[in-house]
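No value in this document is a laboratory result; all are computed from the given coordinates. Remember, predicted model here, so these are calculated numbers, not experimental data. Heads up, the Cβs are rebuilt from the backbone with ideal geometry, glycines too, and the neighbour counts pull from every protein chain shown.
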Amino acid sequence: SMTLEHGAHRIGKRIDSKMSRWRNYGFGQFIHWGLYAIPGGHWNGEYYGGAAEWIRSWKGMPNEDYDNLYTEFDPVDFDPKAWAEQAKDMGARYMIITTKHHDGFCLWPSEFTDYDVTNAPYGQDIIGPLVEAYDAEGIDVYLYFSVMDWNHPGYRSKLETAEDREAYEGFKEFTRNQLLELLERYPSTKGLWFDGTWDAAWKEQAEFADNLAMEMREMIPGLIIGSRFRPDDYGNRHFDSNGDLMGDYEQGWERKLPDTYEDTKGNDWDCVMTVPENQWGYHSDWRGHVKTSYELIEMLVKSVSLDGNFVMNFGPNGQGEIRKEERQLAKEIGEWMHKNQKAIYDCGYIDWEKQDWGYYTRNRESGEVYMIVFNKPINGALRIKTPAKINLDKIFDLNGPQKTYRPEEIHRNEYFIHLDEALLETPKVIVIQYSEATNQTKGYDKAKT
Ligand SMILES: COc1ccc([C@@H]2N[C@@H](C)[C@@H](O)[C@H]2O)cc1
C-alpha cells in the first residue's frame with residue numbers, strides 16, 4: 001500500500017461511545033431549507049425539472065434573480081418546536097440541517113459574509129432555534145455544510161491560473177472561518193455532514209482539509225465527520241488511495257441503498273433519501289414517483305439490517321411550513337415506529353441468510369433478533385436458516401397478544417415458522433431469542449451423495 005500523509009488515519013470502525021451512539025440511531029431526518037424554497041422549482045411561470053435546490057444552475061433562472069431571493073426570505077410560519085416535535089413523533093433520533101447549501105446563503109448570522117439570514121427580511125438566526133428545539137426533544141443535531149459555494153468570489157471549481165490559486169486561498173480561509181464559527185455557535189452539534197467536495201480545486205487540498213478536520217475535532221472531541229469531506233494526497237475521497245475509508249462513516253449512499261452486507265465493506269454508513277425521485281429542497285410540483293411510507297419503512301429496515309442509518313429528507317417551503325405530504329408520511333412512519341422501534345433502535349446486522357419474507361435486525365446489546373416481515377409467503381411458512389450451533393429458544397410476536405411460534409425443523413439449521421394471519425396490514429415484527437449451542441444438537445441427517 002502507498003504511504004499517504006493525508007489518507008485514512010484509522011483503519012476499522014471508531015469504537016468510542018459517541019460513535020456507538022451514532023451507530024445505534026437507526027433513523028434520522030434530513031432538512032433541506034434555504035432560498036431555493038422560495039421559487040420551489042418554478043421561475044417566470046416555467047417549471048424546472050431538476051432538483052429544486054439546484055434551480056440557480058438552470059438557464060430559466062438568471063443568477064442575479066436567484067441571488068436576490070434573499071430579499072424575499074421571511075418565513076413567518078417557521079416553528080422549530082413544531083418541526084422537532086414532529087421528528088420526535090416520527091421516531092427520528094438525529095437530524096441533519098443545511099446550514100449553507102451550494103448557493104452560499106447562510107441560515108445563521110455569519111461574521112464572514114453578508115449573504116446570510118440577518119440581511120434578509122427575516123433577520124434572525126434559523127440554526128440556533130432549530131438546534132435548541134431538537135436538543136430539547138433529545139434528537140441529536142448534525143450540521144450539513146456545502147464546501148462548494150457559488151456566492152463566494154474566491155470559490156473555484158478548478159485552479160488553472162495564479163489568480164485562481166490566490167483567490168482560492170481566501171476561499172479556504174473563509175471556509176475554515178465559517179466552520180469554526182458554526183462549532184463555536186452550536187457546540188451541542190454532534191457532527192458535520194459535508195457536501196460539495198467533488199471539485200478539482202478542493203481535491204488538491206488534502207493537507208488543508210486534514211488540518212481543518214483535526215482542528216474541528218479538537219474543538220468538539222468526538223465530533224463525527226463522514227467520508228465526503230477530505231481528499232487524500234491523490235485527490236481521492238470516501239476511500240483513500242489504499243482503499244481505506246476516510247472519515248468516520250461512509251457517505252456514498254445518496255438516494256441509493258447497498259444490496260448486501262458485502263456492499264457496505266463492513267463500514268459504518270448512512271443512506272440519505274429523498275421522498276420524490278430527486279428533490280431535496282422544496283419543489284411545489286413533485287412529479288414522478290413519490291415514495292409511500294411502506295417504501296420508506298422498508299428502506300429504513302433494510303439500512304438497519306445492513307448496519308447503516310437511514311436519513312429521510314424533508315424540504316420545508318418558503319414560508320417555513322412542512323408540506324402536507326411530508327407531514328402525512330411522518331405520521332404513518334411514526335405509527336409504525338411507535339410499535340416497532342425495538343427492531344430499529346440499537347440494532348444492526350446479523351449474519352443469518354437473508355430470506356424473501358424480509359429482513360433480520362439484531363439488538364447490539366441484548367442480542368435479541370427481529371424478523372421484519374414484508375412479504376408473507378403463499379403458504380404462510382417463514383423460512384429461517386441459521387449458522388451451525390444456534391438454538392432458537394423463543395420466538396414470539398413483538399406486538400399483540402404475544403403469540404409464540406414453535407419452529408419446525410425442516411433441515412439442519414433450517415426451520416419454518418407458520419404465520420396464521422391471512423394478510424399482513426403492516427410490516428410485522430417477530431422476536432427470536434437464540435443461544436449458541438456448545439455442541440450441534442441432533443438434527444436432520446444430510447444425504448450422502
Ligand atoms: C451533481 O450531483 C449532485 C447531486 C446531489 C447534490 C446534493 N447532495 C444532496 C444531499 C443534496 O444536498 C443535493 O443538492 C449535489 C450534487
For segment 51-208, list log₁₀ I(q)/I(0) at each q in 0.08, 0.11 Å⁻¹, using the Debye formula over Cα point scatterers of equal strength and ignoring solvent, two decimals each. -0.26, -0.49
Return the whole-Å distance between the Cα centroid of segment 288-339 and the Cα centroid of segment 189-268. 25 Å
Once both label points are put 7 Å beyond Cα along the C-beta direction, the Thr438-Glu137 separation in nm becomes 5.1 nm
Restricting attention to segment 187-269, which chymotrypsin sites (Phe, Trp or Tyr not before Pro) occupy a DSSP loop and are surrounded by at most 15 other Cβ atoms within 10 Å? Trp198, Tyr234, Tyr261
Which percent of Cα pairs goes in each bin when the distances of the chain are cut into 20 angstrom slices starting at zero? 23, 52, 21, 3, 0
Springs between alpha-carbon pairs under 10 angstrom, Gaussian network model over the chain: which of Met219, Met337, Met371 fluctuates most? Met219
Applied in sequence order to segment 423-428, the curve 6.51 cos²θ - 1.76 cosθ + 1.60 (Karplus, θ = phi - 60°) yields integer Hz couplings, x standing for Gly and Pro, of 9, 8, 7, 9, x, 9
If all Cα-Cα distances of segment 294-348 are sorted into 5 Å bins from 0 onward, what percent lands in each bin, rounded to whole numbers? 4, 18, 26, 22, 14, 10, 5, 1
Farthest toward positive dipole pole in the chain [+1 Lys/Arg, -1 Asp/Glu at C-beta], among Tyr134, Tyr115, Ile350: Ile350
Comparing Gly40, Gly104, Gly196, which has the greatest mean-square fluctuation in the GNM of the chain with Cα pairs linked when under 10 Å apart? Gly196
Highest GNM mean-square fluctuation, the chain, Cα pairs closer than 10 Å: which of His101, His32, His411? His411
Dipole check, the chain, charges on Cβ (K,R +1; D,E -1), about Cα centroid: among Ile297, Gly154, Phe208 the Cα furthest to the positive pole belongs to Ile297
What's the magnitude of the charge dipole for the chain around its Cα centre, counting Lys and Arg as +1 and Asp and Glu as -1 at the beta-carbon? Answer in Debye, nearest 20. 2260 debye
Quick calc, Thr161 & Glu408: beta-carbon distance into FRET formula, R0 60 Å, rounding 0.05, result 0.25
Scan around Ile224 for amide H atoms under 5 Å from its own, H built in the peptide plane at 1.01 Å from N, and keep only partners 5 or more places away or cross-chain. Gly191, Leu192
Using a Förster distance of 35 angstrom, determine the FRET efficiency expected from the C-beta separation of Ala447 and Arg364, and round it to 0.05. 0.35
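Once the piece of chain linking His42 and Ile11 is laid out straight, how much longer is it, given 0.36 nm per residue of separation minus the C-alpha distance between them?
6.5 nm
How about segment 361-449: which GluC sites (Glu not before Pro) there lie in a loop by DSSP and see at most 11 other Cβ atoms within 10 Å?
On the way: sites: Glu365, Glu368, Glu408, Glu409, Glu414, Glu421, Glu425, Glu436; in loops: Glu365, Glu368, Glu421, Glu425.
Qualifying residues, ordered by number: Glu365, Glu425.
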Quick check: pseudo-label points 7 Å beyond the Cα along Cα→Cβ at Ala422 and Lys331, how many nm apart are they? 2.8 nm
What is the spin-label model distance, in nm, from Tyr261 to Thr71 if the labels are put 7 Å beyond Cα along the C-beta direction? 5.9 nm
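Taking 30 Å as R0, compute the FRET efficiency from the Cβ-Cβ separation of Asp356 and Gln319 and round it to 0.05.
0.10
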By the gyration tensor of its Cα atoms, with a ≥ b ≥ c the square roots of the eigenvalues, what is the shape of segment 150-253: rounded for a/c under 1.5, prolate for a/b over b/c, or oblate? oblate
Which whole-angstrom value gives the distance between the alpha carbon centres of segment 1-60 and segment 369-402? 36 Å
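Which entries in Lys342/Lys389; Lys190/Lys256; Lys265/Lys403; Lys13/Lys339; Lys18/Lys376; Lys190/Lys394 show an alpha-carbon gap greater than 28 Å?
Working: Lys342/Lys389 26 Å; Lys190/Lys256 24 Å; Lys265/Lys403 37 Å; Lys13/Lys339 31 Å; Lys18/Lys376 38 Å; Lys190/Lys394 38 Å.
Pairs exceeding 28 Å: Lys265/Lys403; Lys13/Lys339; Lys18/Lys376; Lys190/Lys394.
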Everything considered on the Cα gyration tensor (a ≥ b ≥ c; rounded for a/c under 1.5, else prolate if a/b is larger than b/c, else oblate), segment 335-380 must be described as oblate
Projecting the Cα atoms of Tyr186, Leu69, Met90 onto the charge dipole of the chain, where Lys and Arg contribute +1 and Asp and Glu -1 at Cβ, the residue farthest towards the positive end is Met90
Please report the equivalent ellipsoid semi-axes of segment 1-114, computed as sqrt(5 x eigenvalue) of the Cα gyration tensor, largest first, in whole Å. 34, 22, 15
